[in-house]
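Got a structure here, written out as structure tokens. Questions coming.
The values are calculated or read from the model by the stated rules, or taken from the named source; none is laboratory data. None of the values given here were measured: they were computed from a predicted structure. Cβ placement follows ideal geometry from the backbone for every residue including glycine, while neighbour counts extend to all protein chains displayed.
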């Protein structure tokens with residue numbers, strides 16, 4: 001294996017591994033923030049509101065990092081794994097589309113409603 005190909009694949013492995021963390025964090029935080037904001041509105045306790053604001057900052061950072069790592073990951077499937085993508089593109093394409101719909105659109109919708 002050429003050294004450039006090995007470097008490309010290592011970089012892809014880092015991107016995928018790093019990206020894998022962020023959709024789960026943001027989807028879990030969306031539920032936590034919703035619960036904290038509901039408790040803040042129902043009880044009037046400022047502690048819940050402060051906690052929601054804190055976790056909202058973490059949500060925003062995690063969402064941004066997920067987008068920043070997710071977009072290059074999509075392109076890397078075609079550039080670093082062209083033969084693989086050609087052979088199993090139907091299966092891989094479907095899972096990437098599901099990740100985009102379930103993670104990105106769900107997170108974006110939550111962020112839009114929140115703002």
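Taking segment 1-19 only, how many residues are in a helix (DSSP H, G or I) and exposed (fewer than 14 other Cβ atoms within 10 Å of the Cβ)? Spell out how you get there, then give the answer.
The initial filter retains those residues of segment 1-19 that are in a helix (DSSP H, G or I), namely 3-19.
Next cut, exposed (fewer than 14 other Cβ atoms within 10 Å of the Cβ) only: 3-7, 10-11, 13-14, 17.
Matching residues across segment 1-19 total 10.
Is it the case, given these coordinates, that residue 30 is part of a helix (DSSP H, G or I), in contact with a helix residue (DSSP H, G or I) (Cβ under 6 Å, 6 or more places away or on another chain), touching a residue at least 40 places away in the same chain (Cβ under 8 Å) and surrounded by 16 or more Cβ atoms within 10 Å (Cβ to Cβ)?
When the stated conditions are applied, residue 30 passes them.
Sticking with this one: At pLDDT 85 or above and more than 18 Å from residue 110 (Cβ to Cβ): which single residue out of 69, 26 fits that description? Give the steps one after another, and end with the answer.
On the way: 26 fails: more than 18 Å from residue 110 (Cβ to Cβ).
One residue alone meets the criteria, 69.
Given 97, 52, which one is under 20 Å from the mean Cα position of the chain (by Cα), assigned to a helix (DSSP H, G or I) and free of Cβ contacts under 8 Å to residues at least 12 places away in the same chain? Spell out the reasoning first.
Values: 52 fails: free of Cβ contacts under 8 Å to residues at least 12 places away in the same chain.
Every option except 97 fails the conditions.
Ok, one more. Quick check, is residue 57 surrounded by fewer than 12 Cβ atoms within 10 Å (Cβ to Cβ), assigned to a helix (DSSP H, G or I) and at pLDDT 80 or above? Quick ask: steps written out before the conclusion?
Details: surrounded by fewer than 12 Cβ atoms within 10 Å (Cβ to Cβ): yes; assigned to a helix (DSSP H, G or I): yes; at pLDDT 80 or above: yes.
Here the answer is yes, as residue 57 does meet what is asked.
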